[in-house]
1. Treat the count of other C-beta atoms within 10 Å as a stand-in for reagent exposure and order Val106, Val73, Val329, Val228 from fewest to most.
2. Note down the net charge around Lys197, summing +1 for each Lys or Arg and -1 for each Asp or Glu among other residues with Cβ under 10 Å from its Cβ.
3. Given R₀ = 51 Å, what would the calculated FRET efficiency be for Gln53 paired with Thr268, taking r from the Cβ atoms and rounding to 0.05?
4. Taking H as built 1.01 Å from N, whose amide H comes closer than 5 Å to the amide H of Gly102, not counting residues under 5 places away?
5. Return the FRET efficiency for the residue pair Thr33, Glu87: r is the Cβ-Cβ distance, R0 is 30 Å, and the value is rounded to the nearest 0.05.
6. Listing Met283, Met245, Met95, Met237 from the residue with the fewest other Cβ atoms within 10 Å to the one with the most, what is the order?
7. Using a Förster distance of 25 Å, how high is the FRET efficiency between Gln232 and Ala331, based on the Cβ-Cβ distance and rounded to 0.05?
8. Using the Karplus curve 6.51 cos²θ - 1.76 cosθ + 1.60 with θ = phi - 60°, work out ³J(HN,Hα) for each residue of the range 64-80 in order, rounded to whole Hz, and write x for Gly and Pro.
Amino acid sequence: MPTEEQVRASLGEVLVPGVIRSLTGLNLIKKITISDKKVTISLASAALSPATQEWLEAKVSEVVRKLPGVEEVEIGFVEAAAGDINEIGSVIAVMSGKGGVGKSLVASLAGVALARKGYDVGILDADITGPSIPKMFGIDGRPTGSDTGIMPVPSRSGIEIISINLLLPHEDDAVIWRGPLIGKVIQQFWGDVLWGKLDYLIVDLPPGTADASLTVMQSLPLSGVVIVFSPQELAAMVVRKAVQMTRTMKIPILGVVENMSYFVLPDTGKRIEIFGKSRADEMAQAVEAPLLAQIPIDPTLARLCDEGSIEQYDSDVMRAFAEALSQAVTAKAK
């Protein structure tokens, strides 16, 4: 007869339709019992439609019967809400004091870079009235689910993504909602989405310090916040407001990222500070947090974002950003 570890290993090969993640990765395995050549498996039903449950029952039975000594397989589903079975290591909010500084870009780059390091990553697009994450990843599929939860939509590289744009009839439709309703949607994206087991969940906040940011800081167990800014004096001034908010809410600041920091002339390699002298070190000192990255103006990156292919982008800056971010999370956890 197989051991429980062998059964779990076989279940790790069963991918759930729609999200292309394993039963293990989604944390849907509740209990495994082995006795008298019979294996009994209890799975959580969170976010699984009746058709998906039926498919999984047949697939799991097929896979487990291949194990030596197994003659009978019994599979049952236990009712469970998505929020009850999610296990997320670190929840990181990406925040800016104003719009137009590349906050969503930084959130996306962080997700891609961490995924390349082998981590399981999700992105929660909390910018309800100005969502841009699906566009950058080239995602237009709709989430599936049931009364007990919603499945996020996977990107090409397997990053789990949820955004209001994925739920609208047309991506150009405007979301004209008041603050309380926006806050409720963000809470649903946290508690009703089946994230499963993730190492990192990146939360892309809207600009400013209004209702949506407050909802995230009060409702989600944030590991910390990444502050994004650009070199202009106005942007730096407004960022200080965001910093004050995080400190008031007693949320750790993991570090700062200066976007549009410089442009590299392709012919000479010389750096040109188009938007003025860099304020990266100044902001890091003011926030008392590490400088995680200085992201340049890169036409290749802009083109890939417009094409929905941000996952194809790679650079030394991006790899260094992922390393610095993971180190900052580890340091704050100690």
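Any read-out appearing in this document is the output of simple, stated calculations on the displayed coordinates, not a laboratory observation. Everything numeric here is computed off the predicted structure, so don't read it as measured data. Positions of Cβ are generated from backbone atoms using ideal geometry, with glycine treated the same way; all protein chains shown enter the neighbour counts.
1. Values: Val106 26, Val73 18, Val329 22, Val228 29.
Lowest count first: Val73, Val329, Val106, Val228.
2. Once all neighbours under 10 Å are counted, the net charge is -2.
3. 0.25
4. Result for Gly102 returns nothing.
5. 0.85
6. Ordered by Cβ neighbours within 10 Å, fewest first: Met237, Met245, Met283, Met95.
7. 0.25
8. Working through the residues one at a time gives 5, 5, 6, 6, x, x, 8, 10, 9, 10, 10, 10, x, 10, 9, 5, 7 Hz.
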